[in-house]
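In what follows, a structure is listed as structure tokens, so that the remarks can point back to it.
The values are calculated or read from the model by the stated rules, or taken from the named source; none is laboratory data. Predicted, not measured: the structure shown is a model, and the values here were computed from it. Because the Cβ atoms are built from the backbone with ideal geometry, glycine has one as well, and the counts that use them run over all protein chains shown. Areas reflect the complete protein model, heavy atoms only, side chains present, ligands, DNA and RNA absent. Shrake-Rupley method; radii C 1.70, N 1.55, O 1.52, S 1.80 Å.
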Amino acid sequence: MTPAMRLVMAHVWVAIAAFAVGSLMAVMQALSRAGVELPFRSAELYYLSVTAHGVLLALVFTTFFIMAIGYLVSETALGRIRGTVYAWTGFWVALTGTLMTTAAILSGTSTVLYTFYPPLLAHPTFYLGATMLVIGSWLWCAVMIYSYRDWRRVHPGERVPLPMHGIMTTAIIWILATSGLAFEVLVLILPWATGLVEKIDPIQARTYFWWFGHPLTYFWLLPAYVLWYTLIPKVVGGRLFSDALTRVVFVQFILFSTPVGFHHQFTDPGISGGWKLLHTFTTYAIMFPSLVTAFSVIASLEGAGRARGGTGRFGWIGKLPWRDPFFASVALAMVTFAMGGFGGAINAAYAMNAMVHNTAWIQGHFHLTVGTAVTLTFMGFTYYMLPRMTGRAIAWPRVAMVQPYLWFGGMMLFSIPNHIAGLLGMPRRIYTGDFQGVEAAQAWIPFTNLSAIGGVVLFVSAMCYVGTVLATVLTSPEGERETIEYAEALATQPAAPLWDRFGFWTAVAVVMIAIAYARPLYHLHTMAWYGSRGFSPF
Ligand code: HAS
Ligand code: CU
């Protein structure tokens, strides 16, 4: 294995380990909510489990997998990774941070859920570990930028390869996003969690959190988009619809990902309606590049399906390689994301948000988006990448073939009932579905039962994935390595060089963030506040 591959695989292993543990937590939670009497079932353990599940899947699995994709793209599209010493340092810092945060959660002192809203108070180790995970990922960003700039130096005037364009976008969004998180944790939370100051302002903290929390979702999504745009057309034997349009899409994410955070805070006091409205407009703007993506990826797939002999309006769909686990994963991820995006448009509307906010609808929404659009794409990509990295063929091809369909089916069973239960008023993050006998809860029970069945199917699918990956590296003999090939574009006209000017777009994004946040944050920092002491429910 080459040094670059070793780096990629180290990140993949941490991601898969976090995924395996997080999945086990998930199935216990779904069963608990459906009233199944598991041993050790208690409210305390339930919330500890939800915290571990959220942190290990939403933050650790994603971040490590994304770092792996970045290194892989840098190596295969640019030809090399610059600064591998920093990359390995980032890996160990992030891994140490992950272990610290996980230990803090398992010790029972840090049951604060993955959003860690003050005044819920965790042990300082929880926040320190999370900070180290982020510092590790910053080193990843530095390595991506360094590799890109080095390539630029050697290839003056050339268009940066499209996959790396998407990865650079991801790194820039991540730096913009985590600046808000750094302020929240270093300036507000750590002095309070370590007892240096007595009180914290929950709304200030939440506002910085969502400055980070929304672009976080595009940090997850964009590497999946990179695979959808640059690998899938090749896998299905077609072409990317347009290279230029794809660059425009990525740049729009740099601009609109961050100034939207108030769509998570419509019900929070202290932020006026006008600022919330501004963030609503930018939220609808950020849907646009995904709508363009829907158009582009379907166009690429249709072209490929027709080239494979598909006729009529929909005949091309059946001609696509539905038995290929990578393609099937991505196609099902796309279908799921169309549903999740539709729900996102509902969340983003001020009045409709009031109906769904803090209900089970929200967990339905994000299991379609991050839990499937992103996760299923990453799982499918593993089947593609692993043989090309290690030279070992997938050990259980049939299991790999069925696994994406199990995930999709399980997720429909899990997520659709959660959406409906949410509309019926069921809160998110609750311990039991009977809500200790409350009348309204009777209507939720059939849906929590259905979602528990979905949870079991998802767990089976998760174990098929982990099992196949392990069997491949443990039992499959090493053979020829195929290369990773990126798709060519249908439209041959080059994109304007403007779309490769990352520095310029980052500057525009900073101005937009200032417009969206400076005034409301000034208001929050200067108004009279009383603050809150820390609170640990258990
Ligand atoms: Fe969201 C809450 C709005 C996208 C994740 N979101 C969340 C939370 C998470 C999350 C984790 O406005 C909960 C946070 C918490 O814990 O409190 N979301 C949106 C909007 C979008 C959106 C407008 N979300 C995502 C993505 C996520 C994600 C992506 C993770 C990866 N979301 C919200 C709002 C809230 C929220 C409010 C707060 C709610 C509240 O009250 O708390 C948009 O970006 C969505 C755009 C997407 C589309 C779909 C495009 C479709 C494509 C595929 C088409 C291809 C097909 C091919 C169909 C417009 C690209 C089929 C053909 C074949 C042949 C296969
Ligand atoms: Cu959001």
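Looking only at region 213-236, which residues are open to solvent by 10 Å² or more (accessible area, probe 1.4 Å) and either of a type in the set (Ser, Thr, Tyr) or at pLDDT below 95 (or both)?
217, 218
Within region 486-529, which residues are touching a helix residue (DSSP H, G or I) at 6+ places or on another chain (Cβ under 6 Å) and of a type in the set (Ser, Thr, Tyr)?
Scanning region 486-529 gives 486, 506.
Look at residue 196 and say whether it is more than 16 Å from ligand 2 (Cβ to nearest atom), part of a loop (DSSP other than H, G, I, E, B) and either open to solvent by 20 Å² or more (accessible area, probe 1.4 Å) or touching a Cys at 6+ places or on another chain (Cβ under 7 Å) (or both). Steps first, please.
Working: more than 16 Å from ligand 2 (Cβ to nearest atom): yes; part of a loop (DSSP other than H, G, I, E, B): yes; either open to solvent by 20 Å² or more (accessible area, probe 1.4 Å) or touching a Cys at 6+ places or on another chain (Cβ under 7 Å) (or both): yes.
So residue 196 fits the description; yes.
Taking region 43-66, which residues are aromatic (Phe, Trp, Tyr) and open to solvent by 10 Å² or more (accessible area, probe 1.4 Å)? Spell out how you get there, then give the answer.
Initially, region 43-66 is screened for residues aromatic (Phe, Trp, Tyr), giving 46-47, 61, 64-65.
Passing the criteria: 46, 47.
Check off (1) open to solvent by 90 Å² or more (accessible area, probe 1.4 Å); (2) of a type in the set (Val, Ile, Thr); (3) not in a helix (DSSP H, G or I) for residue 484 and give me the number that stays unchecked.
It fails just one condition, (1).
Return yes when residue 251 is away from ligand 2 (no atom under 15 Å from the Cβ), open to solvent by 10 Å² or more (accessible area, probe 1.4 Å) and in a helix (DSSP H, G or I) and no when it is not.
Values: away from ligand 2 (no atom under 15 Å from the Cβ): yes; open to solvent by 10 Å² or more (accessible area, probe 1.4 Å): no; in a helix (DSSP H, G or I): yes.
No: the conditions fail for residue 251.
For region 487-504, does any single residue satisfy the condition of being surrounded by fewer than 17 Cβ atoms within 10 Å (Cβ to Cβ), in a helix (DSSP H, G or I) and modelled with pLDDT of 95 or more?
Yes, some residue in region 487-504 is surrounded by fewer than 17 Cβ atoms within 10 Å (Cβ to Cβ), in a helix (DSSP H, G or I) and modelled with pLDDT of 95 or more.
Can you name the number of the only condition in (1) of a type outside the set (Lys, Arg); (2) more than 16 Å from ligand 2 (Cβ to nearest atom); (3) surrounded by fewer than 16 Cβ atoms within 10 Å (Cβ to Cβ) that residue 332 fails?
Condition (3) is where residue 332 drops out.
Residues that are near ligand 1 (Cβ under 9 Å from one of its atoms) and either modelled with pLDDT of 95 or more or out of contact with any strand residue (DSSP E or B) (no Cβ under 8 Å at 6 or more places or on another chain) (or both): find the helices (runs of 4 or more DSSP H) completely inside region 287-394 holding 2 or more of those. Talk me through it step by step, then tell me what you get.
Details: elements: 315-318, 325-347, 350-356, 360-368, 375-390.
Correct list: 315-318, 325-347, 350-356, 360-368.
Which residue, of 34, 68, 43, is more than 19 Å from residue 459 (Cα to Cα), at pLDDT below 95 and of a type in the set (A, V, I, L, M, F, W, C)? Spell out the reasoning first.
Working: 34 fails: more than 19 Å from residue 459 (Cα to Cα); 68 fails: at pLDDT below 95.
The match here is 43.
Under 6 Å by Cβ, and 6 or more places apart or on different chains, what pairs join a residue from region 275-289 that is small (Gly, Ala, Ser) with one that is modelled with pLDDT under 95 and not in a helix (DSSP H, G or I)?
Hits for this filter: zero, empty list.
Read through the list (1) more than 15 Å from ligand 2 (Cβ to nearest atom); (2) under 27 Å from residue 447 (Cα atoms); (3) touching a residue at least 40 places away in the same chain (Cβ under 8 Å), then give the number of the only condition that residue 356 fails.
Only one criterion is unmet by residue 356, namely (1).
Return a yes/no flag: does region 30-44 have any residue that is out of contact with any helix residue (DSSP H, G or I) (no Cβ under 8 Å at 6 or more places or on another chain) and within 16 Å of residue 141 (Cβ to Cβ).
First, the residues of region 30-44 that are out of contact with any helix residue (DSSP H, G or I) (no Cβ under 8 Å at 6 or more places or on another chain): 37, 39-40, 42-44.
Subset that is within 16 Å of residue 141 (Cβ to Cβ): none.
Checking region 30-44: not a single residue is out of contact with any helix residue (DSSP H, G or I) (no Cβ under 8 Å at 6 or more places or on another chain) and within 16 Å of residue 141 (Cβ to Cβ).
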